[in-house]
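K.L.:
Could you have a look at this structure, given as C-alpha cells, before my questions?
The values are calculated or read from the model by the stated rules, or taken from the named source; none is laboratory data. As the structure is a computational prediction, the values presented were derived from the model and not from experiment. Using ideal geometry, Cβ is built from the backbone for each residue, glycine included, and neighbour counts are taken over all protein chains shown.
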Amino acid sequence: MGKRTRETEGRYRRIVATGTFDLIHPGHIFYLKKAKELGDELFVIVARDKTLPCNPIILEKQRKKVINSIEYVDKAILGSEKDKLDPIRKTKPNILVLGPDQKWDKSKVQKWVNRELEFEVKVKKVKEYKDCDLCSTSEIIEKIKKNY
C-alpha cells in the first residue's frame, strides 16, 4: 500500500485563488482561508494594475506583498497582462477557486479553462460570505469618502 496523502484520499493538492485584493479586509481573509481548506498549497493570482477596469488604490507589487504575508497563502503571484490563463498554466492547480462576490459564472469558467488548458482544473466557488462591517473594498472606499 502506497503512502497516504490528501491527494490519494480524494483531496486536492494545489489550489489557485484570484482577485484584485486592493484594500485587504476580513472578506478577503475568509475567502483565502476557505480556498486553502480545499488542499495543500494555495497560490493566489493578484490582478495586474493594467488589467483592472478602474485604477487600484494600492499598486500590484504592494498588493502581492500583502497577500504573500497572509498565513493561508503559500505563494502570491502577479497575473498576466496578456493572457489570464498563463499563471494557471504555470501553477497547474487541481482547483480554481472563485470568491463569493466574483461575478464569474462557475460553469462557464469551468468550460473555458478546460477547453484552453492541457490539463483539467475543477472550478469551485466559495458560497459563504464573511458578514462583517466593511467586508468589501467598495464599502471601505465609500466610508473613506464620507468621513474625509
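K.L.:
Examine region 109-117 for a residue that is touching a strand residue (DSSP E or B) at 6+ places or on another chain (Cβ under 8 Å), surrounded by 14 or more Cβ atoms within 10 Å (Cβ to Cβ), assigned to a helix (DSSP H, G or I) and in contact (Cβ under 8 Å) with a residue 40 or more places away in the chain, and state whether such a residue exists. First the steps, then the outcome.
P.N.:
Within region 109-117, the subset touching a strand residue (DSSP E or B) at 6+ places or on another chain (Cβ under 8 Å) is 109-110, 113.
Filter once more, keeping what is surrounded by 14 or more Cβ atoms within 10 Å (Cβ to Cβ): 109-110, 113.
Next, from what is left, pick out any that are assigned to a helix (DSSP H, G or I): 109-110, 113.
Checking the rest, the ones that are also in contact (Cβ under 8 Å) with a residue 40 or more places away in the chain come to none.
There is no residue in region 109-117 that is touching a strand residue (DSSP E or B) at 6+ places or on another chain (Cβ under 8 Å), surrounded by 14 or more Cβ atoms within 10 Å (Cβ to Cβ), assigned to a helix (DSSP H, G or I) and in contact (Cβ under 8 Å) with a residue 40 or more places away in the chain.
K.L.:
In the set ILE144, ILE88, ILE45, ILE57, which member is in a loop (DSSP other than H, G, I, E, B), under 18 Å from THR20 (Cβ atoms) and modelled with pLDDT of 90 or more? Show your work before the answer.
P.N.:
Working: ILE144 fails: in a loop (DSSP other than H, G, I, E, B); ILE88 fails: in a loop (DSSP other than H, G, I, E, B); ILE45 fails: in a loop (DSSP other than H, G, I, E, B).
The unique qualifying residue is ILE57.
K.L.:
Considering (1) under 22 Å from GLU37 (Cβ atoms); (2) loosely packed, with under 13 Cβ neighbours inside 10 Å; (3) not charged (D, E, K, R), say which one LEU96 fails and leave the rest.
P.N.:
(2) is the only condition that LEU96 fails.
K.L.:
Within region 93-101, is there a residue that is in contact with an Asp or Glu (Cβ under 7 Å, 6 or more places away or on another chain) and in contact (Cβ under 8 Å) with a residue 24 or more places away in the chain?
P.N.:
Of the residues in region 93-101, the ones in contact with an Asp or Glu (Cβ under 7 Å, 6 or more places away or on another chain) are 100.
From what is left, the residues that are in contact (Cβ under 8 Å) with a residue 24 or more places away in the chain are 100.
Yes: one or more hits.
K.L.:
Quick test for you: out of ARG89, ARG63, pick the one residue that is over 15 Å from TYR31 (Cα atoms), of a type in the set (D, E, K, R) and within 14 Å of the chain's Cα centre (by Cα).
P.N.:
Among ARG89, ARG63, only ARG63 is over 15 Å from TYR31 (Cα atoms), of a type in the set (D, E, K, R) and within 14 Å of the chain's Cα centre (by Cα).
K.L.:
Here is a follow-up. Which of the residues belonging to region 131-141 are assigned to a loop (DSSP other than H, G, I, E, B), touching a residue at least 40 places away in the same chain (Cβ under 8 Å) and either more than 25 Å from ASN55 (Cα to Cα) or of a type in the set (Val, Ile, Thr) (or both)? Step through it out loud before you land on a result.
P.N.:
So in region 131-141, the residues assigned to a loop (DSSP other than H, G, I, E, B) come out as 131-136.
Narrowing the set further to residues that are touching a residue at least 40 places away in the same chain (Cβ under 8 Å) leaves 132, 134-136.
Within region 131-141, CYS132 is the sole residue that qualifies.
K.L.:
Does LEU52 qualify as being surrounded by fewer than 17 Cβ atoms within 10 Å (Cβ to Cβ), among the aliphatic types (A, V, I, L, M) and at pLDDT 95 or above? Break it down stepwise before answering.
P.N.:
On the way: surrounded by fewer than 17 Cβ atoms within 10 Å (Cβ to Cβ): yes; among the aliphatic types (A, V, I, L, M): yes; at pLDDT 95 or above: no.
The answer is no for LEU52.
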